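This report refers to the structure that appears directly beneath it.
Rule-based calculations on the coordinates, nothing more; no lab input. Bear in mind that the values here come from a model prediction, so they are computed numbers and not experimental data. No Cβ is skipped: glycine too gets one built from the backbone with ideal geometry, and neighbour counts run over all protein chains shown.
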Amino acid sequence: MKAFSYERVSDPAQAAARAAEVPGAKFIAGGTNLLDLMKHEIEIPQHLIDVGGTGLDDIAPTDEGGLRIGALVSNAALSADARVRKDYAVLSRALVSGASGQLRNKATTGGNLLQRTRCPYFYDTGMPCNKRSPGAGCAALGEGATTRQLGIIGTSDACIATHPSDMAVALRVLDAEVETVTPTGETRRLTLEEFYQLPGDTPEVENALEQGEMITAVVLPAPVEGRHVYYKVRDRASYAFALVSVALIQTPDGTGRVALGGVAPKPWRRDEADALLPQGASAVMERLLDGARPTQENAYKLTLAERTLAALLAQE
Amino acid sequence: MDFNQSTEDNLFDHARIIGKPHARIDGLLKVTGRAPYAYERHDVVANQLVGYPVCATIARGKITHMDASAARAAPGVAAVITTLELEPLARADSNVAHLFGGATVEHYHQAIAVVVAGTLEQARGAASLIDVRYEEAPGVFDLEDAWSRLQNTSEPIAHIGDVDAAFDAAPMTLDETYRTASQSHAMMEPHASIVDWSDGGQMTVWTSNQMIEWTRQALATTFDIDADRIRLESPYVGGGFGGKLWLRADAVLAALGSRETGRPVKVALPRPMIFNNATHRSGTIQRLRIAAGSDGKITAFDHSAISHTLPGGSGEDAVNQTRCFYAGENRRVAHHPIDMGLPESADMRAPGEASGLAVLEIAMDEMAEKLGMDPVAFRILNDTQVNPEEPSKPFTERHFVECLRKGADTFGWAKRNLKPGGQREGQWLIGHGMAGAYRGAPTMTSGARVRLQNGRLIVETDMTDIGTGSYTILSQTAAETMGMEMGDVEVRLGNSAYPTSSGSGGQFGATSATAGVYAACVALQAQIAKRLNVDEARFENGRVVAGQLDLALADVADGEEIVAEDTINFGDFKDELEIGTFGAHFVEVAVNAYTGETRVRRMLAVCDAGRILNPITARSQVIGGMTMGVGAALTEGMSVDTERGFFVNHDLAGYEVAVHADIPEQEVIFLDTTDAASSPLKAKGVGELGICGVAAAIGNAIYNATGVRIREYPMTLDRIIEQLPAA
């Protein structure tokens, strides 16, 4: 790990201002991902701004009938919140399918959104990776590469990594918004669709945050009626990243919404695919995964996504 | 003590302590964090520095340039030693790749430098400042290519009878090809050593190693010094599974760092380096043919396999068990180790057997189905009591049929659904499968020293406890032999100052080391008898009794210490016998009808392994093997980048071992057997038997659940899903 300087701040706007002004600064909250990445020297911040004391750890009702989740609310607290469990069960279910109890105690809502990919080539600093070192090339796109876990859609010729968050997939299906504070103290609201960026030829840019801009909250709209399901398909029963995950909200008339995890550089959802839900899993996936460019090793994810949604639709 | 013939009735047949359940005596130390593991031995020597390894990032080639000046100038750095500064260090017999020195890169993540600093983070931070340039050399990394080029070209290890004629004549034959994955030991404690070689004279090594004497000799060879100058301690080992049989880079780098800095240096291999830097079980491709008569009797086996190895290594011999597990007059087995540029393949728990039985026992299931036979009945029919290659060689004790019958009965095998895909609970397909298990029961020369001090007995041997229960069973053995209680026995292990033992490996440790301790205790008894001037004495209740004499052991030496040492030597009479351990595994799985996810629901093992020295620690060994078998079947596989030549998923996030949620109800039954030809205790090992056949039982259960026959491990859902019937 490279040496770094460290400060604590007590105010989100102050944090954002400091992060914009100090070169090589990064925020740290739970640190469950960042510290690992620093140990591997995948992330090498020169300065850490600890936002743990900024007080953003409330879950509060909004005037619109939704919930405003402070960026520092832990994944454990969020998943256990009675309002979340009752009205946003897909979120609760997604959270508890991720990581482990210990990690969820420490990991925060804001940090979860910002976690980096688990592509094995991103983690191996001996390998070229455009996300880690822009322009270096992508070992995962090599002839003999291991790509079983990697993305099938939304990827590019520069990067085929996926976003690993379960929580974000549930937030996407709930139409949640990310609230931020900019270095000049202004508040911004971004939908998750706006928040996450596809790799294109700049895979190092993963979201729409400006230098210094800090997530302060995630805002859930009023509860979405229907059956809330999150199913994470993985090789072992626990403590593994998704091969494919499906977040589904389905109303009794058969309409609803679907988002996928484990297939793309961001939670994957298309309104046009949602509209096909009454026609079943095959119709939805044909639209949702239209344009997919799987590798030979991960083409199974196309079948898996469809069959997983079919399983959830059959559960009633 | 020489063990030159089968044991008669002896004290262990009337045991008070041996064979009884005893919780492991080191358990409290372990669960309270007080068992000292190598990297945490802060107290053994002052002024320790920390070394961090730097590893090659190409698979093959030469280092053309290394500049460590920035690293040397980094904060806290005491020394940087690069591989270019040394000639290649001598290679011990047990190592295939060089561990350090010279410009040649033989495999990915080969150690090429060590940075020594005051703290781990200082060393790690400086490590990445070393500028390394390479000239890459082409390599061969794809076992599939080798298979298509080389299958059927190797000389058979054994060719008995006329295999081709048997296949021509057989009414029923099977011919299938299977693949097993390369696997990592993934033991909890990484390879770690503290080495004090400050003055370049005496070298003291606190390490985590299964084989003290092998490793001491390997260090002597590596550094070209007298082994007598080296002392090794490894009293607690957080798992080995064969990965710590040998000297590895941690101890070598720590020794170099200590010599350079004049201070003790500790080095642990970081987890992401272990997979490519250290050893692993090679993947295999195996073709298995079976011929049988319409009566179900096997007439021929033809088993050929390839595995990968660095040039000079031996790979994973997956065909060996096929030579004598089942009857059949004709057989041909061939193993072709392929020279490849992947990291060093070597032994991992049941080396060869685990991969071979993972395949043979699926083939047996497939053959039983072709014959329309129950797979249990098919195996019973083809049991043999002699080595089929050498019918004059009998199995000493082989109760495989009893394992099968007992297992089938206990598991409720007869009640299972017979039609593949025919049992469903909700969205899950339920299936049952079974497999046979067979693993040899080798023994090794093993020594021990015992000290009687005022009625307390101290046992010293360089035997290791790698989580297996050695402390406990050796205490039981000594207490039993000396007529003492376990509380009056102290066992000291894993130190080169103690007599050389078998060490832990190959399922020989428990059998051999208990026999060595027994021999030392018998020598002590002789000394006591001599001191008391009696020809024969009984040792019971902490006393020695001879005729009129009845003396507490505390009183036999007037406060002096009596020391006795002996070694058990196993005679070559064993060469005329087949000594093995046997088992039967039964499992129930659920396979998601939509996604193809497999979850194991129930496991049963029935084991025939001679006298079970301690049913608690033996059960732990077997369920550990079963758990590893679940990993082998369902998740554990090191993925090869066939262009860049390395194992890609080289951490515990990418290489998935079973977690608690994967492991269901596990039941283990030990048959009440003894094997008088094995050792004075009539015991055999179980540590490797437990994994043998497990993966195949799961594969067979997946077939029963889904009707999909998977012939490639691990049986992840992507290998199932395209063949799954509509849900």
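For chain A, set up a Gaussian network in which alpha carbons nearer than 10 Å are linked by springs, and say which option among A:Ala176, A:Ala15, A:Ala80 fluctuates the most. Taking springs between Cα atoms under 10 Å, the residue moving most is A:Ala80. Quick one: of the DSSP bridges fully inside the protein assembly as shown, what percent are antiparallel, nearest 5? Counting only bridges with both partners in the protein assembly as shown, antiparallel ones make up about 75 percent. Taking a ≥ b ≥ c as the square roots of the eigenvalues of the Cα gyration tensor, an a/c ratio of 1.5 or more together with a/b no larger than b/c marks region B:36-107 as oblate.
For region B:175-272, the share of DSSP beta bridges that are antiparallel, to the nearest 5, is 65%. Helices meeting the span-like rule in chain A (full DSSP H runs, Cα extent of at least 18 Å along the helix axis, mean Kyte-Doolittle score of 1.0 or higher) are absent.
Alpha carbon centre of region A:245-287 versus region A:99-139: separation in Å? What the calculation gives is 26 Å, centre to centre.
Note that the protein assembly as shown shows a convex hull volume over its alpha carbon atoms of 175 Å³ per residue. Computed from the C-beta positions of B:Asp175 and B:Asp67 and an R0 of 56 Å, the FRET efficiency is 0.50 to the nearest 0.05. Electrostatic tally near B:Val116: other residues with Cβ closer than 12 Å to its Cβ, Lys and Arg +1, Asp and Glu -1, net +4.
Checking the cross-link pairs B:Lys530/B:Lys684; B:Lys20/B:Lys244; B:Lys393/B:Lys682; B:Lys30/B:Lys684; B:Lys415/B:Lys684 against a 22 Å limit on the alpha carbon distance flags B:Lys530/B:Lys684; B:Lys20/B:Lys244; B:Lys30/B:Lys684; B:Lys415/B:Lys684 as lying beyond it.
When +1 charges are put on Lys and Arg Cβ atoms and -1 charges on Asp and Glu Cβ atoms, the dipole computed for region A:243-305 relative to its Cα centre reaches about 200 debye. What whole-number value in cubic angstrom gives the convex hull volume per residue for the C-alpha atoms of chain A? Per-residue hull volume (Cα only) is 127 Å³.
Using C-alpha pairs below 8 Å separated by at least 6 residues, the relative contact order for chain B is 17 percent.
For region B:269-277, backbone phi angles converted through the Karplus equation (6.51, -1.76, 1.60; θ = phi - 60°) give residue-by-residue couplings of 6, x, 3, x, 8, 4, 4, 9, 7 Hz, Gly and Pro being listed as x.
The label point for B:Arg424 and the one for A:Lys86, both projected 7 Å from the Cα toward the Cβ, are 3.7 nm apart. With each label modelled as a point 7 angstrom along the Cα→C-beta vector, the B:Asp131-B:Asn454 pair spans 6.7 nm. The residues packed around B:Trp214, meaning those with a beta-carbon under 13 Å from its beta-carbon, carry a net charge of -1 if Lys and Arg are +1 and Asp and Glu are -1. Toward the positive end of the charge dipole of chain B, about the Cα centre and with charges on Cβ (Lys, Arg +1; Asp, Glu -1), which of B:Phe539, B:Val589, B:Leu457 goes farthest? Toward the positive end, the furthest listed residue is B:Val589. For region A:1-123, the square roots of the Cα gyration tensor eigenvalues, ordered a ≥ b ≥ c, give a/c of at least 1.5 with a/b no greater than b/c, which places it in the oblate category. Taking other residues whose beta carbon is less than 11 angstrom from the beta carbon of A:Ala19, and scoring Lys, Arg as +1 and Asp, Glu as -1, yields -2. Across every pair of non-identical alpha carbons in region B:162-247, the mean reciprocal distance, once inverted, gives a Kirkwood radius of 16.3 Å.
Farthest towards the positive end of the charge dipole of the protein assembly as shown, among the residues B:Gly312, B:Val648, B:Gln548, is the Cα of B:Val648, using unit charges on the Cβ of Lys, Arg, Asp and Glu.
Number of Lys-Lys pairs in chain A with C-alpha atoms under 27 Å apart and a separation of 8 or more places or on different chains: 23.
For B:Arg16, project a label point 7 Å along Cα to C-beta. Then give me every residue of region B:480-498 with its amide nitrogen under 19 Å of that point. Residues B:480-491 qualify, since their backbone N sits under 19 Å from the label point.
On the basis of the beta-carbon distance and an R0 of 35 Å, B:Lys370 and B:Glu144 show a calculated FRET efficiency of 0.85.
Here, chain B has an Rg and a Dmax of 26.6, 83 Å when only alpha carbons are counted.
Centroid-to-centroid, using Cα positions, region A:1-69 and region B:221-295 are 41 Å apart. Close amide H contacts of B:Leu49 (hydrogens built in the peptide plane, cut-off under 5 Å, sequence separation of 5 or more or a different chain): B:Val265, B:Lys266. Please identify the DSSP H helices in chain B that span no less than 15 Å along the helix axis (Cα) and have a mean Kyte-Doolittle hydropathy of -0.5 or more. Correct list, ordered by number: B:212-223, B:249-261, B:353-371, B:400-411, B:470-482, B:509-532, B:615-634, B:694-706. Amide hydrogen proximity for B:Arg601: with H placed 1.01 Å from N in the peptide plane, the residues at 5 or more positions away or on another chain lying under 5 Å are B:Glu588, B:Val589, B:Ala590.
Rounded to the nearest 500, the helix-only mean residue ellipticity at 222 nm of chain A stands at -7000 deg cm²/dmol, with each DSSP H run of n ≥ 4 adding -39,500 (n - 2.57).
Of all DSSP bridge pairs formed entirely within region B:230-362, close to 45 percent run antiparallel.
Available extension along the chain between B:Asp43 and B:Arg599 is 195.7 nm, counting 0.36 nm per residue and deducting the alpha carbon span. Rg and Dmax of region B:381-480, both derived from C-alpha coordinates alone, stand at 22.7, 68 Å. Applying 1/(1 + (r/R0)^6) with R0 = 56 Å to the Cβ-Cβ distance of A:Asn105 and B:Leu532 gives a FRET efficiency near 0.30.
Here region B:571-594 is scanned for amide nitrogen atoms under 20 Å from the site 7 Å beyond the Cα of B:Gln723 along Cα-to-Cβ, giving B:587-594. For B:Arg611, the residues whose modelled amide H falls within less than 5 Å of its own, excluding neighbours fewer than 5 places apart on the same chain, are B:Asp675, B:Ala683, B:Lys684. A Gaussian network model of chain A, with springs between Cα atoms under 10 Å, assigns the largest mean-square fluctuation among A:Arg93, A:Arg172, A:Arg236 to A:Arg236. The mean count of C-beta atoms from other chains within 10 Å of the C-beta of residues in A:139-146, rounded to a whole number, is 5.
Helix-only arithmetic for chain B: the sum of -39500 (n - 2.57) across DSSP H runs with n ≥ 4, divided by the residue total, places the mean residue ellipticity at 222 nm at -7500 deg cm²/dmol. Each Lys and Arg adds +1 at its Cβ and each Asp and Glu adds -1 at its Cβ; summed about the Cα centre, region B:620-703 shows a dipole of about 280 debye.
Cross-link reach is defined here as a Cα-Cα straight distance under 12 Å, omitting same-chain residues fewer than 8 places apart; for B:Lys297 the aspartates and glutamates meeting it are B:Glu329, B:Asp383. In this label model, A:Asp253 and A:Ala222 are separated by 1.6 nm, measuring between points 7 Å along each Cα→Cβ vector.
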